[in-house]
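One structure is given here, and the rest of the page talks about it.
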């Protein structure tokens, strides 16, 4: 099981997200007031806390949300999970739709560090069922029947 350490949103695309502590997840849309919400397959992004910590250990000074991730979760290596994996957190159900993404090498992290972990470690989900997720909540993988 995983533990939610940050819930982050941003009003504009291409900007750092801020940890808001708690947010409303809307079915087939994403997070209320987040710039990446919409009717597409990348409604909510997740990044492993352990991957962020490893990047910080190499000298990166990054806060939660700096990579554009919506949820920072401890306890999972998201990249190792297959597309189609479903997660539950409270009433919220998320489905993994994409692993990694194209990097726009103009991001501030890439310019400073010469690389960014979001393109290879970040994963994207769509919201199958809405609700609220807050820091400290438990995220579990739903077993396929």
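Rule-based calculations on the coordinates, nothing more; no lab input. Remember, predicted model here, so these are calculated numbers, not experimental data. All Cβ positions, glycine included, derive from the backbone under ideal geometry; neighbour counts span all protein chains shown.
Worth a mention:
- Highest mean packing first, where packing is the average number of other Cβ atoms within 10 Å per residue, the peptides 122-128, 54-60 line up as 122-128, 54-60.
- Where both bridge residues fall in the chain, DSSP classifies roughly 90% of the beta bridges as antiparallel.
- Mean separation of Cα contacts under 8 Å (6+ apart) over length of the chain, as relative contact order %: 34 percent
- Every Cα-Cα pair in region 8-69 was counted, and those over 19 Å apart are 33% of them.
- Two-site label geometry, residue 74 and residue 141: point separation in nm, points 7 Å out along Cα→Cβ: 2.0 nm
- Sum of -39500 (n - 2.57) over DSSP H runs of 4+, divided by residues of the chain (222 nm, nearest 500): -3000 deg cm²/dmol
- √(5λ) per eigenvalue of the Cα gyration tensor, the chain, largest first, Å: 22, 16, 14
- Directionally averaged projected area (convex hull, Cα atoms, region 47-103), nm²: 4.6 nm²
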